[in-house]
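Trainee: Here you go, one structure.
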Ligand code: NI
């Protein structure tokens, strides 16, 4: 792989401090950041490519820890409806018509959008995941994929487990480690405890984490109490789910006791404020979770319930909601919010050390933003800009594992015109 030297005006290191470093350089070799520091002299031929960015900022790539990429095909197909009605009347019937190739093109549509918004890694839960894996490998993005499992129908449940095992054997660690696989029991209300026992035994045998929806709506909590006598997090705890590595999406409706359980059992949470607001599900207790010591990362959920996959927008929403909800602007400073979308995301997906930061020996997953725009000037605090002022359209360049996926806002690994054509054509058939 070529040696690429990046010389931006500003480098934001990420990690705990989000230090702003001026006029330094980053050297990338074999997918890894091998040097960050003062600008040096090089002999001719030593570097394959120099990217200059006087008015640019380089930061770690954004990590979206919960989405259903191919649902981009259903963007704006069904809006302004409650979750269960939305699923039962619109989404599930349309999903019945989905074919493998639809999933591939829907995922490509989502990946195009994600790269354009500076997302370098995402966690996906859907079906026909072989085609999702194919889209990820071709596009160069990093991803953690889970086949969505429904256990209430025993035939579907068994088939799902079989598909999950084959997904793991075919794709786990594929693309030189860019892809990882999780097991994806959809939710406690679609996967009863007996089925979850089967899922857990596979997770233990094959040493893969679990990705589940948890405590998303008030109705889910009520039904869980009626059926099992326990709230969703309590139920999952009682059957031993949290003895495994778990990524739990939403976690909106939680008791004090459940917040304690999530923190103590080190469950990784994907906070999805945009989807929770749009579906009217509620507002997750982000600050209470963080105060209890829980691990919280950030996700967009699918584009059918968000309706975009813009992680900068999600970041702003998470920070502003917490401040407004607690009537206290100090609860989550910009640098803390940025961790949700970077380092915390890498941990939530159980990825290699260093991801989510710009440090020597970390994988070269980074993005560059153009600062030569009115809304990003002056430069009092670039971290504040990222959370409160920047948007997806400011991302100029995206690199994953040392490979350029976008430069000057042009996608380099995806035929975008073809993706738009195929996605529109298929979306029309699916929703007719
Ligand atoms: Ni979801």
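No value in this document is a laboratory result; all are computed from the given coordinates. Note that the structure is a prediction, hence the values are computed from the model and not measured. Neighbour counts are summed over all protein chains in view; Cβ atoms, including those assigned to glycine, are modelled from backbone coordinates with ideal geometry.
Trainee: Need the full-extension length gain, residue 218 to residue 176, defined as separation in residues times 0.36 nm minus the C-alpha distance. One decimal, nm.
Mentor: 11.0 nm
Trainee: Be a star and scan segment 82-104 for residues whose amide nitrogen sits under 18 Å from the point 7 Å along the Cα-to-Cβ vector of residue 155.
Mentor: 93, 96-98
Trainee: In whole angstrom, note down how far apart the Cα centers of segment 166-211 and segment 362-432 are.
Mentor: 30 Å
Trainee: Take the Cα of residue 359, step 7 Å along the line toward its Cβ, and report every residue of segment 46-62 whose backbone nitrogen sits under 14 Å from that point.
Mentor: 60
Trainee: Which residue, 70, 270, 389, tops the fluctuation ranking in a GNM of the chain built on C-alpha contacts under 10 Å?
Mentor: Fluctuation is largest for 389.
Trainee: Here's a follow-up. Grab the eigenvalues of the alpha-carbon gyration tensor for segment 1-110, scale each by 5, take roots, and send me the semi-axes largest first in whole angstrom.
Mentor: Equivalent-ellipsoid dimensions as semi-axes: 45, 18, 11 Å.
Trainee: Which order do the peptides 30-39, 392-401, 179-188, 158-167 take when ranked by the mean count of other beta-carbon atoms within 10 Å per residue, highest first?
Mentor: 179-188, 392-401, 158-167, 30-39
Trainee: Follow-up. How long is the gain from residue 407 to residue 228 if the chain were fully straight, where each residue apart is worth 0.36 nm and the alpha carbon distance is subtracted?
Mentor: Roughly 59.2 nm would be gained on extension.
Trainee: Still on this structure, please answer the following. Taking only Cα atoms and a 10 Å spring cutoff, compute GNM fluctuations for the chain and point out the largest among 62, 315, 196.
Mentor: Comparing 62, 315, 196 in a Gaussian network model of the chain, the most mobile one is 196.
Trainee: Let me ask something else about it. What is the spin-label model distance, in nm, from residue 32 to residue 256 if the labels are put 7 Å beyond Cα along the C-beta direction?
Mentor: Label at residue 32, label at residue 256, 4.9 nm between them.
Trainee: A further question follows. Please report the antiparallel percentage of the DSSP beta bridges confined to the chain, to the nearest 5.
Mentor: 45 percent
Trainee: Determine, from the Cβ-Cβ distance of residue 42 and residue 432 and an R0 of 56 Å, the FRET efficiency 1/(1 + (r/R0)^6), rounded to the nearest 0.05.
Mentor: Once rounded, the FRET efficiency stands at 0.45.
Trainee: OK, next. Name the most mobile residue of 379, 172, 128, meaning the one with the largest mean-square fluctuation, in a Gaussian network model of the chain with Cα contacts below 10 Å.
Mentor: Highest fluctuation of the listed residues: 379.
Trainee: How long are the semi-axes of the ellipsoid equivalent to segment 62-348, from square roots of 5 times the Cα gyration tensor eigenvalues, in whole Å, largest first?
Mentor: One finds semi-axes of 25, 23, 19 Å for segment 62-348.
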